[in-house]
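Participant: Next up is a structure, given as structure tokens.
The values are calculated or read from the model by the stated rules, or taken from the named source; none is laboratory data. These numbers were taken from a predicted model, which means no experiment stands behind them. Positions of Cβ are backbone-derived with ideal geometry, glycine not excepted, and every protein chain shown enters the neighbour counts. With ligands, DNA and RNA removed, areas are computed over all heavy atoms of the protein, side chains included. Shrake-Rupley method; radii C 1.70, N 1.55, O 1.52, S 1.80 Å.
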Amino acid sequence: MSTVTRKLVQLIRSVETSDGAGVKLRRSVGSQRGLYLDPFLMLDEFGTDNPGDYIAGFPPHPHRGFETVTYMLDGRMQHKDHLGNVGDLGPGGVQWMTAGRGVIHSEMPLQESGRMRGFQLWLNLPSKEKMKPAWYRDIPAGEIPEVVLPGGGRVKVIAGSVGDVSGPINGPDRRLSTDPLYLDLQLLPGERFEQTVAAGHTAFAYAYEGGARIGEGEDARDLPRQAAGVLSEGEGVVVTAGDQGARLVLIAGKPIREPIVQYGPFVMNTREEIEQAIQDYQRGDFARAAA
């Protein structure tokens, strides 16, 4: 490609952990304190055929100061929050939730058996937006455009654009300040994919099936399965699938470049703001502050 191609400069291997009421998952970005990729705070991959690994779900819990993006590959989850919202998230669907000044919600399985698989991404908000009203949108699979590539592969466009095809998030009706790109790539063996990524934006890729190489020529490096590959500065990225093909997510966004202070489900800019969030929640008026 004629633009400056990004290189793979760092691997963040995912580690096994659990969250909620014991849901087993793998965490890469955010697996250690301060291991952020501004504006991204965390990436979790969950995937199991064993209901014991997910059946307890994520009972009611608070968030403040950031956004969560849940992308389901297999299985069904139900979202409920203190604002009265209820949403069912099925295979191929996405929920984009802005916690803003506060939301108390639950995410519980709508199945007792079968495969549950997907991702949850935490996306930071700039200080001027951390206390805006909570908002969320459920996007069924049928509303997420898919681009068929010349080599036979496919790209689901969740946020941002591939050519002249734009995803349902970050459109004219709701422009996000982090200008996110979120693509799910399914490439056939040896297939090559090129994507423009805005200069100055943080970018990484995470392979969850097969394997891929990032970059061109002597600069190309392998992206192993279940690792987040951090990309260098540049204007585009080249991905080439391995012999078994590849499925991976490609994610990018405009960095916020502000202090990050995190305490569990609260992400603010100062310790004082974190203490205020804790006080609001412990006093029982967290929900009222978010209404």
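Participant: Answer yes if at least one residue in the stretch 164-175 is hydroxyl-bearing (Ser, Thr, Tyr), touching a Pro at 6+ places or on another chain (Cβ under 8 Å) and at pLDDT below 95, and no otherwise.
Facilitator: There is at least one residue in the stretch 164-175 that is hydroxyl-bearing (Ser, Thr, Tyr), touching a Pro at 6+ places or on another chain (Cβ under 8 Å) and at pLDDT below 95.
Participant: Using the structure shown, decide if SER106 is farther than 23 Å from PHE40 by Cβ, hydroxyl-bearing (Ser, Thr, Tyr) and either surrounded by fewer than 16 Cβ atoms within 10 Å (Cβ to Cβ) or in contact with a Leu (Cβ under 6 Å, 6 or more places away or on another chain) (or both).
Facilitator: Criteria not met by SER106.
Participant: On to the next question. Would you tally the residues in the stretch 251-265 being modelled with pLDDT of 95 or more and in a loop (DSSP other than H, G, I, E, B)?
Facilitator: Adding up the residues that qualify gives 7.
For (1) free of Cβ contacts under 8 Å to residues at least 40 places away in the same chain; (2) of a type in the set (Phe, Trp, Tyr); (3) touching a Lys or Arg at 6+ places or on another chain (Cβ under 8 Å); (4) farther than 16 Å from MET97 by Cα, each residue gets a yes or a no:
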residue	(1), (2), (3), (4)
ILE139	no, no, no, no
PRO150	yes, no, no, yes
LEU188	no, no, no, yes
HIS201	no, no, yes, yes
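Participant: Looking only at residues in the stretch 127-139 that are in a loop (DSSP other than H, G, I, E, B) and surrounded by 15 or more Cβ atoms within 10 Å (Cβ to Cβ), which one is farthest from the chain's Cα centre (by Cα)?
Facilitator: MET131
Participant: Can you tell me which residue in the stretch 140-169 is surrounded by the most Cβ atoms within 10 Å (Cβ to Cβ), limited to those that are of a type in the set (Gly, Ala, Ser) and in a loop (DSSP other than H, G, I, E, B)?
Facilitator: GLY160
Participant: Follow-up question, since we're still on this one. Kindly provide the set of residues from the stretch 207-230 that are open to solvent by less than 10 Å² (accessible area, probe 1.4 Å) and within 21 Å of ILE256 (Cβ to Cβ), ordered by number.
Facilitator: If the condition is that a residue be open to solvent by less than 10 Å² (accessible area, probe 1.4 Å) and within 21 Å of ILE256 (Cβ to Cβ), then ALA228 is the only one that fits.
Participant: Could I ask something else about it? Provide a single number: the residues in the stretch 1-52 that are within 27 Å of SER113 (Cβ to Cβ), out of contact with any Ser or Thr (no Cβ under 8 Å at 6 or more places or on another chain) and polar (S, T, N, Q).
Facilitator: Qualifying residue count for the region: 3.
Participant: Pick out the one residue from ARG76, ARG64 that is of a type in the set (Lys, Arg) and in contact with a Leu (Cβ under 7 Å, 6 or more places away or on another chain).
Facilitator: ARG76
Participant: Here is a further query. Contact list please: Cβ distance under 7 Å, first residue in the stretch 56-72 and closer than 26 Å to VAL157 by Cα, second residue basic (Lys, Arg) and crowded, with 21+ Cβ neighbours inside 10 Å, pairs at least six apart or on different chains.
Facilitator: From the stretch 56-72, the pairs are GLY65/LYS130.
Participant: A further question on this structure: So the check is Cβ under 8 Å with 6+ separation or different chains; which pairs have a first residue in the stretch 23-49 that's without any contact (Cβ under 8 Å) to a residue 40 or more places away in the chain and a second one that's assigned to a loop (DSSP other than H, G, I, E, B) and surrounded by 18 or more Cβ atoms within 10 Å (Cβ to Cβ)?
Facilitator: VAL23/TYR54; LYS24/TYR54; ARG27/SER14; SER31/SER14; LEU35/VAL29
Participant: For the stretch 36-73, give me each residue that is buried (at least 16 other Cβ atoms within 10 Å of the Cβ) and of a type in the set (D, E, K, R).
Facilitator: The answer is ASP44, GLU45, ASP53, ARG64, GLU67.
Participant: Filter the stretch 1-30 down to residues that are small (Gly, Ala, Ser) and more than 22 Å from THR178 (Cα to Cα) and give me whichever is nearest to the chain's Cα centre (by Cα).
Facilitator: SER14
Participant: Can you say whether GLN276 is among the polar types (S, T, N, Q), open to solvent by 40 Å² or more (accessible area, probe 1.4 Å) and free of Cβ contacts under 8 Å to residues at least 24 places away in the same chain, as far as the supplied structure shows?
Facilitator: When the stated conditions are applied, GLN276 passes them.
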